[in-house]
Amino acid sequence: MNLDNLKQLSSLRARKQPCALVTDTQSGKQALVTDSVVGDLELAPAILDTVRARIASDRSGVLDGGLFVRVYSPPTRMIIIGAVHIAQALAPMAQLAGFDVTVIDPREAFVRSGNLANVAAIIDWPDDAMEKVQPDMRTAVVTLTHDPKLDDPALCAALRSPAFYIGALGSRKTHAKRLDRLKDAGFSAAVTARIHGPVGLDIDASSPAEIAVSILAQVIAVLRAEAA
Amino acid sequence: MTPDALTQLQEWIASGHKTALATVIATWGSSPRPVGSHMAVRESGDFSGSVSGGCIEGAVVAAALDAIKTGSPKVLEYGVTDEAAWEVGLACGGRVQVFVEPVTA
C-alpha cells in the first residue's frame, strides 16, 4: 500500500463512496477502483467488470486469477424514529456494531434531553425527514414512538423504500391496529408483512436496553440472512 | 470509539511512524474475522484492529515488522489442518490467509 492510495481510500470512505482496492498479493501492486481506476496495478477490462460487480454486491475476496479485492462500502444505516428511552440504548449499541445511525423526532426536547449527543439527529416530522434520509437496501428503519402520528408516516415511507429491515415497536394488539391503518392507507398485507412487529427477537426483553439488544439482534439476523 | 485500523494507520504515518497493514484475504471453515478485516501495525509493535480472535495476532505483528524492514509484502497462512506445517494455530479449527504489506511513501 502506498500513501497516495491510503489517502485516496480514506477520502472516498469519508465521502461514503463505495470503492475497491485490488491487490496483486505477489507484487504488492494495487489499483483503487471507483468510476475511475488509479494505482500501479493494470486491470484488464474483464477483471474491472468483475471488480465493479463485487463493489455493487459488497463482496470482498480473491478472484480466480489470484487478485485480492477489498470492497469498501459505506456503513449499513439504521434510521430510528423516536428519541425515546429504547433509542438511547439502541443508537449507541448499533453504532458499536458498525451502523451509521440517525434518530428522527420532531420533539426537540426529546432529542436534546436524551443521551444522544454522539448520534446524528433530524428534528423534523418523519415524512419530511424520511424524504431527506432516503432509505436504501442497506438501511434498517425502526419506529419506537408508539405514536401513530409519528410512526405511521415513517412506516409508509419505509414500505415504499427498499429498506432491508423495517421494525415497529408495539404489542401484538397495537401492531394489528397498525396493520389495519396501513391497509386503509393502501398497503397490501403482502407489503406490510415486511414489518417486524412486535419488533425484536423474542428474548423476553423487559428494560429499554434489553429491548434494544433484541432489536439489534433481529436487524443483524435479517442483514446476514440476506447476505448468505 | 476506537478509530478503525485504516484511520489509525494514517494517524501513525502522520506522526512519522513506519507502518504495515495486515488484511484477511481468505477464510475456510469457522474463522473469527471476515475477509477484509484489517490490522494496522507500527514499528514499535503496537497494533490496532484484528485479523483473528487474538490467536494469530502475535505472529502477524512479527511478520508485519519484517515487512516494514524488508519493504516486501507477504501472504501468510494459519490453520490447524496440518499441525506440522503451522507454527501458530486457530483454536476454532478454521484456516485464514493474511496479506501483510508495508505502507510506503
Residue set A:Asp40, A:Asp4, A:Asp58, A:Asp24; condition within 13 Å of chain B (Cβ to nearest Cβ) and at pLDDT 95 or above; output residue A:Asp24
Inside the stretch A:61-78, can you point out the residues that are more than 14 Å from every other protein chain (Cβ to nearest Cβ) and closer than 19 Å to A:Met1 by Cα? none
Filtered residues of the stretch A:61-117 (kept if under 14 Å from the mean Cα position of the chain (by Cα) and basic (Lys, Arg)): A:Arg77
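To keep it simple, each residue is scored yes or no on (1) touching a Ser or Thr at 6+ places or on another chain (Cβ under 6 Å); (2) closer than 11 Å to A:Gly197 by Cα; (3) buried (at least 22 other Cβ atoms within 10 Å of the Cβ).
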residue	(1), (2), (3)
A:Arg138	yes, no, no
A:Asp147	no, no, no
A:Cys156	no, no, no
A:Ala168	yes, yes, yes
A:Thr174	no, yes, no
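The values are calculated or read from the model by the stated rules, or taken from the named source; none is laboratory data. The model shown is predicted, which means the values in this text are computed figures rather than measured ones. Positions of Cβ are backbone-derived with ideal geometry, glycine not excepted, and every protein chain shown enters the neighbour counts.
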